[in-house]
Every structure is written in structure tokens, then in C-alpha cells.
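These notes concern the structure reproduced below.
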């Protein structure tokens, strides 16, 4: 998960700004609300919080929540708080992810575990999570609380699935979808569904479905990037997922079509604790040649199509257009 | 925090059984409810959960919640769920504590981080916490939700304070009380207060005060044990807090009375990354000779007295007696 933000940010900035257009002012308020929720008078907490606010990301999930609340052009004021809660939950997950993965950088800045310590990142993740919950309980809406606490649990299950998803020959396509649904699509679906409850409750189910399919397409696009990045002119080794033995859709899609020799090469990578760049580059080529990237792309397009379908019941409006554009944004990131 | 359970368990078993008498049947139900809440069909989660259920502790916090709910002899059925939520929150904290402290054993069994991995313990703590919250939200009581989510935040702040409490000459008595209130007393106060809301709401404030003072006495007794354990016949080096540079009340109480030479010896320990057993034993003697242990004992007795005072408004009953006995139980643990 660690790479999502870094990879996606730069090229799509303009498109993201367009998507955020209809909710730009309220998105600023979400930023202030996040700051308010994480403020504390303990110097150590304040210093970690300030660092985290510096590395604030694209605010894609709050954007989805705000757009969903505005589908009928009458978003409730509490959607601001909801956006802050959703982003804080996301941030808490990232802090624990970085700690678990021993990541050093995120969004071009040092991670909490690298700048402070591993201890502080575990505790700080818990802190952010608990502050998000305080903000959530203060909203006083049981339906929204249920959505958000359910998704908090799904995110942890997604992380657990991730730890088990390291066996190239046993991890299948259905398990992959379960994994990315838990770790990525669930929070986007929750943002959309709970957002709808703040001003467009009749579209709750449609928005939940849209968020789920969008999130699936988002993660598949991200997993494809880990393979295609390698072809770029950057010269970076790429293939981080393979390096960490993470089985993703391009590999799953390629496996049935690879020769016995190629299959052995893949097994070799997954048996190697620290596979060399050459071996990684080899497997990337094997996957590409066997049509794995194409396969993943088609699956992603199917989810994107389903997301668009889910929007068909919504009235035409700039908000609906922004939701449609979000699909293209998710698909086009640096590919 | 890691040592609380291990140290306290053996000698006070009988007394604890007496305290739990009035709620014994319901405490069994809390156990089943915990099991129900943490069950999952992902094999990895199930295997960690089973291990955690094996190392189940004294259930002191659910006992407090159940007793508080029964002060008027008409406890509500939902107090079972509450007890499970409180214990799961406690368990989540312990799992993250062990991970942060790299502890190897708890309650005589390997910790999650040592038996599985550091990664799994971070994620599993999040999992337990999120399941506790699902159980909490399902209760549908906003007042209880506010108490529990507030305390979740306090616990993280207590952990952060702990990380900053490593400078013997700057960490004062007031800061110490803030720290132990956050990390220990807050959850006992929350268990008592939310317990009261499940059958004896008119005693909510009294029970919150009782739980707070009890928790303060509990942690002070625990911190004293870290000094007195050393005098026991076990021959263990003891002084784990000093080894980890944790400043607790005996040291704070001793400091004003120590000679210049002794003060330098203390500074030497806190400047030493891995202080030798001899140095630790020296500082323990210095603290004892300067009356630090006596000082902490008197402060603990004051909190115990305040806890008893808080109970004075309650009607006489076996439950009130059990709450009174809980104070003695907390004070007498292996001392």
C-alpha cells in the first residue's frame, strides 16, 4: 500500500483539481477540521502531528465523501467532519503500514517511523485513529458510525490478507479481489456511502457500489503501475511488489500462460529472500509477455465500467461529472 | 505496563475470586462474548486470536464494569457486551505495548510479536481495537461510546507520556500522576463509569471517581513492586523500570532526600543505555534508603482512601463490599 500516494500524485494534479472543483471550499474546511482533531498539548504529539500535516496527501477520500454528500446539491455541514474522520482513518492506516513495512519515505517526506521511531509510529497511529473516532462519535449518527467502524475492521483484515499473499502459486484471483476490496475499496466505499448519508441518503446504495468499484479499479491500476513503472525512463529498478513478494493481478493473470521455465523463474524469485534487480526485471518481462498486464488492465476497466454504471441513477450535475471524472483519474494515473 | 499482569496474578488469586463472586456467572458470559467478537474466518487472524484467548488475564476491568452495573442489584444484560468491549480495548493496548517494548513473554506465554511477528502484532492490535468498536457501536449508546472513545485516546496519550518519562531529573510528581492517570486509571474509571450506565446511572460520577482513584493506587502499587521485588528471595535482578529508564513515584519521592553522590549515581544510570544489574541494585537501595518507597506507599494509600470515600454514597450490598475489597486487592498484590 505504501506506494499509492507517491506514485499517483504528480501527473494527475490538474485532473484532481478539476474533480475537487465542486467541493474545493469545503475541502479546505476538512483540512482545518483535521488540524483541530489532531491538536494536543503534549509536545511530542504536537510535533508528530505537525509533521503529518505537512505530508498531507491528495485528500481523495474526503473528496469522495464531500462529492457524495452533494449529489442533490444540498450537502449537510457535518460532511466536513465526516471528511476529516475518513482522512484521519486513512492517515492512521498509512502510519501503521509504514511502521509495519519499515518504509522510509512517503510523499517525499520521511515517515514517522524513520523520523521519530518505530514506537512512536505505532502509538501515533493509535492516537490518530482514536481522534478520528472521537470526531465520529461526536457526530452522533449511528448509521455512519457503523459504516466507519466496520471499515476500520476491514482495513485490518486487508493488512492480514496482505501478509498471507506472498505465495505466487497459491494466491488466486478471488483472494486477490478480497484482499484489495478489504485494504483499499472498503474505505472508498465507506467514504461514498457515509457521504451520501450527509445530504443524499436515497443514493446511499448507489454511492457505496460506486466507491467499491472505483476502489477496486484504483488498486488494480496501482498494482499495474508497479510493473509498468519499470519501463519508464527513470531507470529505477521498480517492481517493489515483486521484491516484497506481493502477488498482484498482473502476475495472477500471467501465470496460466507462462512456460515451465518461466514458471520456475517466478518460483525462484518468490523463494529468494532478497531477489536481485535482474531477477525482478526478468519476472516483469515474463508477466508482460504472457499478457498479465493486459489482463489486469481489462479487469480494471471492467470495475471502472461498473463504477460508471452505479452513477447512472444519479441526476445530472457538476457533482456527477466530477464523480465520473474520478474514474478516469483513477485509471489514468501515470500510465 | 508490560509487567502488571504477570506480577499481580499468583498471590491474589483467592482474593480476586472473592471480588468476582457477585458477578461470576456474568463474567463467564463476558468471556464468551469476547470470543464471539474476535472470531474471524481468516486463518491467520483465528490463529492469533486463539493464542490471545489462551493468555486471557484476570479480567479485572470487566469485573469492575459488571460490579458497577450491579450496584443497585439490577444490572442490564448489555453490561456483558460492555465488559467484553473494555477487556478487548485493554488487550489491544497490551498487544501494541508488547510490540513497542519488544516484550517476549506475557502471563507466562509468548507475546504476539515474539510468537508471530512484529508486523502481525501491530495489525492484530488494530484488529482487536476495531472489533471492540464494532461491539460498542452495536450497543447504540452514545454516552458509553463517548466514554470509551475518549479513553482510547487517553491510553495513547499515556503511552506517549511514557516515552517522554525517561529523564530522572526533570520528570516530576504531577507529570507522573498525569501519566498513570492516562495509561492506567483512565480505563478503570471508564469501566466503572460506563458500567454504572448499565443499571445504576445515578452512581455514574461516584463510580467514575472510584475507578480513577483505584486505578491510580493500582499503578502506584505496581511501580512500587518494581522496587521491592528485588528484595525477594527469587534472586531476580528486578528493577525493570529503572533498566528501561522509566521514572516512577519511588524515585521521584526519593530524589529530594538523596546525597549529591547518590544523585550522581542515579544520573549515571539514566545516562547508561544498558545499565548493569549492580548499578540498578545500587539505585534501588538509594531510593529505599531515601524513603522513596515509603513515600510512594503513602501516596498510594491516599488514593486508596479516596477510592473508598467515593463508595460511601452507594447502598450497602455484596457488590459494594466487592468494590471495597477490590481496593485491598489492588494494594496488597505481592507486597
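The values are calculated or read from the model by the stated rules, or taken from the named source; none is laboratory data. Owing to the predicted nature of the structure, the values given are computational and were not obtained by experimental measurement. Note that each Cβ is placed from the backbone with ideal geometry, even for glycine, and that neighbours are counted across all protein chains shown.
Structure data summary
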| item | result |
| --- | --- |
| Flag for residue B:104 being without any contact (Cβ under 8 Å) to a residue 12 or more places away in the chain and more than 9 Å from every other protein chain (Cβ to nearest Cβ) | yes |
| Residues of segment A:313-326 that turn out to be surrounded by 21 or more Cβ atoms within 10 Å (Cβ to Cβ) and either under 30 Å from residue A:238 (Cβ atoms) or modelled with pLDDT under 95 (or both), as a count | 1 |
| Residue in segment A:79-92 that is in contact (Cβ under 8 Å) with a residue 60 or more places away in the chain, touching a strand residue (DSSP E or B) at 6+ places or on another chain (Cβ under 8 Å), surrounded by fewer than 24 Cβ atoms within 10 Å (Cβ to Cβ) and part of a helix (DSSP H, G or I) present | no |
| Candidate set from segment B:36-56 (those that are within 11 Å of chain A (Cβ to nearest Cβ) and in a loop (DSSP other than H, G, I, E, B)); member that is nearest to the chain's Cα centre (by Cα) | B:40 |
| The lone exception for residue B:98 - which of (1) more than 10 Å from chain A (Cβ to nearest Cβ); (2) without any contact (Cβ under 8 Å) to a residue 12 or more places away in the chain; (3) assigned to a helix (DSSP H, G or I) it fails | (2) |
| Top-ranked residue of segment B:112-147 - restricted to ones that are within 18 Å of residue A:113 (Cα to Cα) and crowded, with 22+ Cβ neighbours inside 10 Å, ranked as farthest from the other protein chains (Cβ to nearest Cβ) | B:113 |
| In segment A:296-335, the residues that are within 22 Å of residue A:201 (Cα to Cα) and not in a helix (DSSP H, G or I) | A:314, A:315, A:316, A:317 |
| Residue match in segment B:162-184 (condition: within 21 Å of the chain's Cα centre (by Cα), under 20 Å from residue A:156 (Cα atoms) and within 9 Å of another protein chain (Cβ to nearest Cβ)) | no |
| Condition met for residue B:181 (in contact (Cβ under 8 Å) with a residue 24 or more places away in the chain and under 26 Å from residue A:151 (Cβ atoms)) | no |
| Pick from segment B:60-78, criterion buried (at least 23 other Cβ atoms within 10 Å of the Cβ) and assigned to a loop (DSSP other than H, G, I, E, B), ranking: farthest from the chain's Cα centre (by Cα) | B:75 |
| Residue check, residue A:152 assigned to a helix (DSSP H, G or I) and either surrounded by 22 or more Cβ atoms within 10 Å (Cβ to Cβ) or over 13 Å from the mean Cα position of the chain (by Cα) (or both) | yes |
